[in-house]
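Just below is one structure, and these are the notes that go with it.
We did not get these values from a lab; they are worked out from the coordinates using the rules stated. The shown structure was predicted, so the numbers you read here are calculated from the model rather than taken from an experiment. In this analysis, Cβ positions are derived from the backbone assuming ideal geometry, glycine residues included, and neighbour counts consider all displayed protein chains.
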Amino acid sequence: MSAADLSPFNSPFAAGTAGPSVRAVKDPFHGDLLEVSMGPQHPSTHGVFRMVVTLDGEIIVKLKPVFGYLHRNHEKIAENTSYLGSMPYTDRLDYLCSMTTNWAYALAVEKLAGQAVPDRAQYLRIIMAELTRLVNHSCLVGFLFNDLGTSFTPLLYAFREREKILDLFESLTGSRMMCNYQRFGGCRVDPTPEWLAAASRLVDNFPRFLDEYETMLTGNEIMLARTQGVGVLDAAKAVNAGITGPCLRASGYNYDVRKVDGYGFYPRFDFRVPLGAHGDTYDRYMMRVLEMRESVKILQQAFRDLPAGPIMDPKSKLRGFRPKAGEAYGRTESPKGELGFFLVSDGSPNPYRYRVRPPTLINLTLLEDMCLGHTIADSVVILGSIDIVLGEVDR
Amino acid sequence: MNSSGLSLLSAHLPVAAAADGLLERLPLTLRDTFVQWFPAPTQWLLHHLISIVGILAIFGLFFAFTTVAERKLLGRLQNRLGPNRAGVPKFSFLPFHLKHKLFGLTQPFADAVKALTKEDIVPAAADKLLHFLAPVLVVAFSLLTFAVLPFGRNLIPVELDAALLYFFAAGSATELTIFMAGWASRNKYSLLSAMRALAQVISYELPLLLSVIPVVLVAGTLSTQEIVVAQGFWTFGLLPHWFIFTPWGAAGFLLFLVAALAESNRSPFDLPEAESELIAGHLTEYSGFKYALFFMAEYFGLTALSGLGVTLFLGGWQAPCAFLQFIPSYLWFMGKLVGMIVFFIWVRGTLLRLRIDQLTRLSWQFLVPLALINLGNAAFWALTGAWSGPLQIVRWAVSAALIVVPFVLMGRSLTRGQAPRTYRYAT
Amino acid sequence: MSTPATPSPASAPQPFPAAGNLSDAEREELRRHGILLTSLEELYNWGRSNSIWPLQFGLACCAIEMIAAATARFDIARFGAEIFRPSPRQADLMIVSGTVTKKMAPQVVRLWNQMPEPKYCIAMGACAISGGPFKQGYNVLKGIDRFIPVDIYIPGCPPRPEALLNGLIQLQAQIKGERLTGPGAARHVRSDVTSEFPVPEYGEHDLSPPKNPAVWQPAPSLVRPTKV
Amino acid sequence: MESLEQIRDRLLARFPGASVTLVINPGAAAEHSLLLGAAHAVEMARFLRDDPALQLDYCSNATGLDWPDKEIVETKKLSVADPAGGPAKIVEEKTKRFEPGYLEAVYHLYSMALRHGPVIIRLRTGNRTDQVTLPSFTPIWRSCDFQEREIFDLFGIVFAGHPDLRRILMWDEFKDHPMRKDYVDPDDYEWEPTPHDRVLERAKAHYPVPPPAPAAPVSPTPEAKP
Amino acid sequence: MLGSGIIKGLAVTAKNFVGSYHDPARMVTEQYPEERPKLPEAYRNFPFLVTENATDPMGTLRCVACQICEKECPPQCIYIEKSKDKKPDATGKPQLYPAVFAIDTSVCMSCQICVEVCPFDAIKMDQVFEVAATNRFTGLLLNREQLAKPNSYFHQIHPTDAHEVDTRLAAERKAAEEKAKAAAAAKAAAAAAKPATPAPATATPAAPKPAAQPPTPPTA
């Protein structure tokens, strides 16, 4: 078995550098390979993901991801539902960050219909998106440590902070997870000054939690040993495979849709994009932590500058929304990567084609390359550091 | 300041006799009174049977409350309450019902009732005999180790001269039963876990033994009871002469802790039962009571190893201060044991798991050399037992340096290339 | 120990009467069962109801709320149910938390078959109950009760963690009311009720069979024959 | 970035035999696209990726579209002179035209290096039944790997040159392509207590046969339950 | 030094352990069945139908069976059958009413779109979440009687929203009355002018709330 067998891609990046540190299995003492099917019910596959892993001892020599166990036909259902009716479904796409998914969909529909969004709504969207980023990243880090073998403690600390943000979401939108907050041309409800004050307080206190979290874990020797140098992702290969989000930036490639497209009012905000150097699991973990710190900065600016005004474009309609025939692709930087919605309208109240570009599915493209040569224990950690959510992978 | 030999044992004895109060002798008195009712030829048997029943009862209960303590303490570590609503069952033939939930302390009994009555599943492809034997043997072996632990001044089930050897012989057999369980289950996860367990037992028996040898060297005996007796001194009646309060002892205790964590498959070395990777490892195919037996054996093993650590390094049943000797020795032992267990729970609530290659590397590249150096350190300590005055300070300094310098150097080489990083930003 | 001579009323399991506060009928019931058996039953049910270990098995969105129920704020551990076992062999309760797709359904049934008796199933959230918002999807199973029996249905999308705890409390009450003998005996002690269910197979267009008629019996009177 | 017309012209200049058409998007987004002929598509895609001025190194989104066969009814108004000499009558003449359907694969390309995009390219199959093979772009952009498998699974476009073309979301035994517009989903509408529209149509097949006797036509509704 | 990171971690967990005894921020458990969750006003779970009058819930439903919510409901969990006759609504105007109104809570995804599109403020979101059932067929399909809840209940769970709705409805009612009065006066005048032709008594429908208007946020 050679590297070429495992990587049949003749892209310039695959040739020669096929990266995977697969051991050439030639030695006479070599035994049989063991095929283990991890998932769809496995504690560390973050849902119903399945990996068919071929092991040599504990070393992975082949890994095939199997999808579709949560393929709930979001796209087909959306083609039979009105544009508005799909909004609550987008909550359930990436169920950890409903607000950003809402926004991505609203963005695509606004692009399709050429709708404007008032300033206050733009700010509110950024507030919600960055709060969601805090939720997502803190959960991810907690789950990652669970994969690394902690007894839930970091996860529970992360969820403790998450609950505070969910309380905010709940008091604003009425639901903890499924916010259904964005509308085409604005947002659904306007937060009260008390809500904004509470959110601002929470955001100001958030770095304290992060500091404690980092004290607990970032310098931990076991954590360093388990993550540094594990699952290295080469930047050029990552670009070719369409890896986006923190995973790409951990490899040192500076590409953040918030900066590149400047959608929403992001160009008005002063924030930095952290970049890794090694592209390993540790970098991917740290990208999340540093992004949370940047999100806090964005949120503080947003609370400071939030303008008064309407939250809905007066021209927008709730019912009977029929965009002109045409198509549009809107993409945003969701906490997991580039989340895009491709919509084709034929002038009817339902989209003719509704396509979600799921960042996590495409980020899994290189899972095998990242895992090869590592142990089975590393594979769950690498998978955890990619940050998948099955609702989005399978849709 | 002389703690190196048994030469002072005789000087120690009067103190012990003074503290040998009624409470101290209570368990023995009870046993003897009971045994006297029976004909003389059977008395030796009863004598031992009572010891066995006593250990089973006490440590059975101890196990039960360890599980609930673990759940509650982990809960507290994680900012939650943990089990607190079990209460007592409501019996309709009783005219009253205790509404109080008893802080959930009856939780383990509920778990026991459930586990006992749960359906027992043996996979069709499993090796039926081994599948059955593994849980039985694991409990048996882990219980055997209790035989040589001195629970109190007069409480030791079997007084063996080579108690330590016996302890390790019985203790390491539990890992073999894990292999049995993993092999017999015919499950791929179990098999992987079995291989891990074997790698672990090979790697960690050595540092565990090596961390204990300095104690043997200094105390000059393999008998656990005599090792405890050798620690029964106090400077000014306040500072106990436990082995942990010497440089080599502290290092040995740390090594022992790490190796004991690995030996008892506790986090961060719970690789055979790695939940996030191998489902439940060797336990994947065990249900009901068999699973409970494994669970029990794990805690028995933990308790026994903690007991050994207490015996060897923490002065066993000795009181920390001379004037506290009026408290019965077995209570001191249990107190220290509880302290050890709480520490293990604390570690479990904090740390993450090592990988199998890192686990073995930690053992062979770090723990084993360090334990060997510590052995030399202990030898130095034993040889310089006669130093006094300012030389004492030299003795302490040299001994401390002998262990700290290698620790730092080897620690650095072990973690070479691994450090927290700084990151650049794009704006 | 006396065995019941006459069949006890085949009513829904009722919570056990408060101790010392028995009505005549309940006393009669108690006498028929025998005090030893009743006490054993009570001890057994107390133990099981306070030690419900769920299977660590998350399907979709509801799984996050299930995890949230185990976290500090809601703390399912108070009920002794925080030990989420990843292996079905040690689990007592399957919380079907999320959309069961047709691709996943055989695995869910297999997991259920692998769990030892006594076992219980909570369908958490709209999707697990009926397919929920995704029920019109071609790959979505319209309710897990098409293949395995469900004890408690918790609607909501997703249900709050408190709703899950509420369902758990209901399940505890149900377990406490279970009988070991007699016609109203619990599922797992009866010989005429199977605890294993056929695993559906992947077909060319759908699962085959698409439902298990022995398990799934909707009330036909509620299907609307007309629509104005 | 160059305009799409420029790109088209450069492509045509570079690949003389190829067909490249500009597809205009009438919507508000005005994201126009290039329709590439399948024969030279791979070379053109590689050119788009490697060309220093474009460097479209990142294929963000690849998806399928189904355009079913259409019968287009065109109405022509003809004025026919009245033979009786009256005013000319306007007669509507209807012509039916059959437009064959096709499947389409759409790729959204961006340049991460130069930070521009999107350039949208499309490929079309000959029809929806037997000529459904398109060249795979996975060797060019590996991000197309799972997405092309998904298109194969849900739309039934066969990608020649894909290294691992299997179903990805549905199981392997599955025969249909569910995202096509003419897909009929399995009939499991036995229990639909709140049916309307499409669901009602499907659910009606499972309704119990109404009692033949007209007496007491009880329509069982939830109100009727105990 | 090796081990410093581990010791720091142990210190953090120890801090949390100690904090769980005195710091409410580090002991966040709410003991659910005894301690009720503090639901925010905006919290939504399943829809209910608002009735004006608690004593005659079926007679005073605000719902006029317009079936907009049925059409807009994304998972199609609402079922409405229009009545054959008309009943006077709160303003005294004869309106249709739902003969059958059922919501399948086993399907409902609590998205609130029915509330947003309802022009009559007839359907609102409830906050009851303890709805677990043992039979999904009979326990989770809610009919008209189970769904109807009085306006006072609406006031209780969403005070801000309810107040605003009531103010708006009162204004509409007043406008309708004035219009009716004006119409009656005009009719009387017309009747006085032309007593032979009886004018049909057409009540002007109360102008419903514009559908496109987003629900006004609670400003508590």
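Numbers for the structure displayed
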quantity	calculated
Chain E, dipole about Cα centre (Lys/Arg Cβ +1, Asp/Glu Cβ -1), debye to the nearest 20	580
Total formal charge among the other residues, if their Cβ is under 11 angstrom from that of D:G27, Lys/Arg +1 and Asp/Glu -1	-1
For chain A, built as a Gaussian network whose Cα springs stay under 10 Å, the top-fluctuating residue of A:Y352, A:Y253, A:Y105	A:Y352
Residues C:L164, C:L40 arranged by fewest to most Cβ contacts within 10 Å	C:L40, C:L164
Label zone at A:K297, where the point sits 7 Å out along the Cα-to-Cβ direction: the stretch A:250-285 residues whose backbone N lies under 12 Å	A:269-275
Net +/- balance of residues flanking B:F366 in space, Cβ distance below 13 Å, scoring K and R +1, D and E -1	+2
D:I72 paired with A:L33, simple spin-label distance in nm, labels 7 Å along Cα-to-beta-carbon	5.3
Distant-in-sequence amide H partners of D:T133 (H built 1.01 Å from N, under 5 Å)	D:G126, D:V158
Length added when fully stretched, B:F323-B:L129, from 0.36 nm per residue minus Cα-Cα	64.3 nm
Residue-averaged beta-carbon neighbours from other chains (10 angstrom radius) around B:106-112	5
DSSP loop GluC sites (Glu not before Pro) with at most 16 other Cβ within 10 Å: longest gap in chain B	B:160-427
Expected 222 nm ellipticity per residue - DSSP helices of 4 or more, -39500 (n - 2.57), all of the protein assembly as shown, to 500	-13500 deg cm²/dmol
Per-residue Cβ neighbour rank within 10 angstrom, fewest leading, E:K93, B:K90	E:K93, B:K90
Trypsin sites (Lys or Arg not before Pro) lying in DSSP loop within the stretch E:1-103, provided at most 16 other Cβ fall within 10 Å	E:K38, E:K84, E:K86
Kyte-Doolittle mean at least 0.0 and Cα axial length at least 30 Å: DSSP H helices in chain B	B:40-77, B:163-184, B:188-219, B:288-313, B:329-350, B:390-414
Sparse-neighbourhood loop sites, chymotrypsin sites (Phe, Trp or Tyr not before Pro) in the stretch B:109-214 - DSSP loop, at most 14 other Cβ within 10 angstrom	none
Whole-angstrom gap from the stretch C:67-108 to the stretch C:151-214, using each part's C-alpha centre	14
Label-to-label distance, nm, for residues given as D:K94 and E:A14 (7 Å Cα→Cβ offset)	8.8
Extended-chain gain in nm, criterion 0.36 nm per residue less alpha-carbon gap, B:K99 and B:E119	4.1 nm
Separation of alpha-carbon centers, the stretch D:94-169 and the stretch B:19-67, rounded to whole Å	80
Residue-span extension gain [B:A379 to B:D32] - 0.36 nm each, minus C-alpha spacing	120.7 nm
FRET efficiency estimate (nearest 0.05) - Cβ-Cβ, A:A277 to D:S3, R0 35 angstrom	0.40
Share, in percent, of DSSP beta bridges within chain D that are antiparallel, nearest 5	85
Distance between modelled label sites at B:V404 and B:F343, nm, 7 Å Cα→Cβ extension	2.0
Under 16 Å from the A:V52 label point (7 Å along Cα→beta-carbon), backbone N, the stretch A:355-395	A:368
Inter-centroid distance (Cα atoms) of the stretch A:183-237 relative to the stretch A:317-395, Å	21
Residue among D:P178, D:P193, D:P163 with the largest mean-square fluctuation in a Gaussian network model of chain D, springs linking Cα atoms under 10 Å	D:P193
In the stretch A:29-76, chymotrypsin sites (Phe, Trp or Tyr not before Pro) in a DSSP loop with at most 13 other beta-carbon atoms within 10 Å	A:F29
Amide H within-cut-off set for C:T101, under 5 Å, with H built and near neighbours excluded	C:L141
Members of D:K175/E:K71; B:K72/C:K119; B:K99/E:K38; A:K315/A:K336; D:K70/D:K96 lying beyond 21 Å, as alpha-carbon distances in this model show	D:K175/E:K71; B:K72/C:K119; B:K99/E:K38; A:K315/A:K336
Ranking of A:M312, A:M287, D:M1 by count of other Cβ atoms within 10 Å, fewest first	D:M1, A:M312, A:M287
Nearby lysines by direct alpha-carbon distance to E:K181 (threshold 28 angstrom, same-chain neighbours under 8 apart not counted)	E:K86, E:K87, E:K93, E:K194, E:K209
Positive-pole candidate from A:N80, B:H100, D:H108, dipole of the protein assembly as shown, charges at beta carbon	A:N80
Contact order relative to length of chain D, as percent, for alpha carbon pairs under 8 angstrom and 6 or more apart	15
Average partner coverage of C:102-114, which counts Cβ from other chains inside 10 Å	4
Share antiparallel - DSSP beta bridges, the protein assembly as shown, percent rounded to 5	80
Normalised contact order of chain B, rounded percent, pairs of Cα under 8 Å and 6 or more residues apart	20
